[in-house]
Structure formats: C-alpha cells, structure tokens
1. Checking the structure you have, find out if any residue of the range 128-146 is away from the ligand (no atom under 16 Å from the Cβ) and without any contact (Cβ under 8 Å) to a residue 12 or more places away in the chain.
2. So, in the range 196-235, how many residues would count as being crowded, with 17+ Cβ neighbours inside 10 Å, of a type in the set (Asp, Glu) and within 22 Å of Asp158 (Cβ to Cβ)?
3. Under the condition of being in contact (Cβ under 8 Å) with a residue 60 or more places away in the chain and surrounded by fewer than 16 Cβ atoms within 10 Å (Cβ to Cβ), which residue from the range 262-280 is nearest to Asn359 (Cα to Cα)?
4. For the range 24-73, which positions are in contact with a helix residue (DSSP H, G or I) (Cβ under 9 Å, 6 or more places away or on another chain), surrounded by fewer than 23 Cβ atoms within 10 Å (Cβ to Cβ) and among the hydroxyl-bearing types (Ser, Thr, Tyr)?
5. Quick one: what pairs do we get from the range 149-173, first residue more than 18 Å from Val201 (Cα to Cα), second aromatic (Phe, Trp, Tyr), C-beta under 8 Å, 6+ apart or different chains?
6. Taking the stated definitions as given, is Gly189 within 14 Å of the ligand (Cβ to nearest atom) and surrounded by fewer than 18 Cβ atoms within 10 Å (Cβ to Cβ)?
7. Look at the range 8-41 and say how many of its residues are charged (D, E, K, R) and over 19 Å from Ser59 (Cα atoms).
Amino acid sequence: MKINKKIFPVARPDLTGKEKYYLNEAFASSWISSKGEYIDKFEIAFAKFIGCHYALSTSNGTTALHLALVALGIGKDQEVLVPDLTFIACPNSVFYTGARPVLIDTDKKNWNINLEDLEKKISKKTTAIMAVHLYGIPCDMESIMILSQKYKLKVIEDAAEAHGSEVKIGKIWKKTGSIGHVGCFSFFGNKIITTGEGGMVTTNDQALFERMKILRDHGQDPDRRYCHPVIGFNYRMTNLAAAIGLGQLERIQKLINAKKEIARHYLSCLKGIPGITFPEFAGNVKPVNWLFSVIIDKPFKLNRNQLMEKLQKNGIETRPFFVPVHRQPPYYNRQTFPNADYFADHGINLPSGYFLEKNDIKYICQSILD
Ligand SMILES: *Cc1c(COP(=O)(O)O)cnc(C)c1O
C-alpha cells in the first residue's frame, strides 16, 4: 500500500479571516492586556450569536466553568452531577469549589449524560447538573430542564465542544449555552473557534452576570477600586485573544459548515460498514461536528487501538475518546459505569481539522477499509 507521508491532524484552526488584522490592531493600540475594545466587541457579538443577553470572556474554558459554579453558589457540602465520560476539566472545576462531583453514566444513543442514572443519583446535597454537549452533540436539554425544575437544581451547560449546536425547546430552536442557567465555552486551539487560550460564559440572568464579572476581576467592587468584598480570581481574557476571537466569530457559520462537510464525506464513505457506528440523536437537536467520532467494534477486524496504530502509520492522526473520570486516580470510584467504559474503549475521533479535503477523507476512509 502506498504510504502517504502527509499528516492529517485531528484538529487544525482556520485563521484566514480578519484574525491577523484585528490582532495587529490590538497590538498597535498597545492595549495588549485585558482592557481594550476587542473584549467588548467579542463579548457582545458572542452573546448575539448564542442568543443570550450576556456573555463574559474568560482566560480559558476551565476558568469559565469554575467562575460559573462559584457565581451560582456551588461549594462545600454540595454535589454536582457530572457525566463520567467527559474531559477532566468538568469534575475538576466542581472539585475546586469544594463541592463533590457525582459521576453519571453515559447515554447509549447520544453519548451524553444518562438521564435515568442522573435521576437515581440526585440526593439532598445535589444542587446542580453539568450538562456537557460531548463532541458537538447536544444533551437532551428539554428533559434536563424539566428535571432541574422538579428538583430545584441549577444547570451549567458545558458547550466547550459545541459552539453553534442547537436544541428545539417546545417550538423554538435555541443554541446550546443559552438554555441552562449558564453556558460555558472554550476557545482552545482545537475547538470550533479559537483564541489560542480562552473561554466564555453566557447567561440571561443579569444578577448572575454581574456576580461573574466581579469574581472574574479579583472580586473587586466595580465602583471602588482596590475594594474586594468577595474573594475573586483573575480569569480575564486578553484583548489580543479577543481580537482573534472576533475574527473567528465573524466566520463561525462558515467554519461550522466546513465541519459539516467533513462529516458528510466521512458518513458517505463509512456508513454501512459492519462494526462502525455513529451517535444517534432525535430530530429536535442540530449537532455541530466538532470532531468526527465513531465507535469501532466487532465484526470490524481490528479493535480501536489496533486501528489507531495502523492509521498513525499512514500519517493519519486520531484520538481515542476521553478516559472516563472514574478511571482517573483522583476520582477512583467503586461504582460501575458500563456505558462510559464501553464508549471510552471503542470510540475514536478521526481527523477533523479545517483544510481537510474530500480526497483526504477518501484516503483516510480507504485506509480504514484496508
Ligand atoms: C476543552 C474543554 C474544556 C476546557 O477548556 P479549556 O479551554 O481547555 O480550559 C472543558 N470541557 C470540555 C468538554 C472541553 O472539551
């Protein structure tokens, strides 16, 4: 077989719009720290895109989660329901507050938090649900919001992998990050849009927004400099990062469409191959294809790890699914999470970087079939 030396990356940003121009402007203005016009512009434009009243930029997605949790009053002697199959920042951000992350198994269809397991694990100490839209697939937000009302819980949406994905609530389509009490986003280099490092919180709750703003800025009283009525953090984004973010956001629909095209090409090549399966979702969600993710199982001839090795030899970079939280030493747990284990051990993310072309995807699929 022909060995193609080209490396097909799992993720690669597309910075070909006005990112560089805005970045140079921000640099030339000498407002390179966390004050400057691009911060406001980026936040206002992001709130508009998500369909929320308020958006507040942060230094990264993890600080966005932590800021949201603290501002919601999550802390000691409380429990937060977190999916077991997710990125480590989710349980960690809960742990930082002093609350306990309670792990929930995975839904077999959409790979997100399993609502039966979730309802079983609600206790007197439970105060919030962290709904993670994994790999761009929205959670069943309608049911989660109903549960949250029934048990009086706060809902933190982690949309770090799902910018622009949508859920139909009643008759209205809503963007993820605008449905729960607060939405959290990441702009790490491999996400749908990037600022290098960066994050955002979104909300419709003005009081929550004001609290997050104060907490983000060392807990400083907005009207009295160097007066700090609460213990806060420095979780601010730089104007330089916001300049890149604004350039990215202006083209987000195009970028989402590019990811969709990549997924379409993969699906047309891989659909129907025994042993390769895809997530299932109802007609009331519109996912975004952050990474093209599939499950590899029998009767496919290789297991997931063997396939990853073979593809690597052909210059094709892949990633396994996240290692479930209950298998991470700080969170070792006696409970079992059979679905999380299954998906973690059989899931693979295929190259999904911008600039990947139809022929590249054909080559990748051919390598899988070979
Ligand atoms: C990337 C990511 C985060 C954290 O974002 P950073 O910007 O890397 O701190 C949180 N949750 C999920 C699900 C993520 O994918």
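1. Taking every residue of the range 128-146 in turn, at least one turns out to be away from the ligand (no atom under 16 Å from the Cβ) and without any contact (Cβ under 8 Å) to a residue 12 or more places away in the chain.
2. Count: 1.
3. Within the range 262-280, the match that is nearest to Asn359 (Cα to Cα) is Ile273.
4. Residues satisfying the conditions are Ser29, Ser33, Ser34, Tyr54, Ser59.
5. Pairs that qualify, where the first residue is more than 18 Å from Val201 (Cα to Cα) and the partner is aromatic (Phe, Trp, Tyr), are Val167/Trp173.
6. In short, yes.
7. 5
So that you can scan it fast, the table gives a plain yes or no per residue for (1) closer than 18 Å to Pro324 by Cα; (2) surrounded by 23 or more Cβ atoms within 10 Å (Cβ to Cβ); (3) under 15 Å from the mean Cα position of the chain (by Cα):
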position: Gln78; (1), (2), (3): no, no, no
position: Ile88; (1), (2), (3): yes, no, yes
position: Asn112; (1), (2), (3): yes, yes, yes
position: Ser123; (1), (2), (3): no, no, no
position: Gly136; (1), (2), (3): yes, yes, yes
position: Ser143; (1), (2), (3): no, no, no
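Only the coordinates and a few stated rules stand behind these numbers; no lab work does. Remember, it's a predicted structure, so these values are computed and weren't measured experimentally. Reconstructed Cβ throughout: ideal geometry from the backbone, glycine too, with neighbour counts over all protein chains shown.
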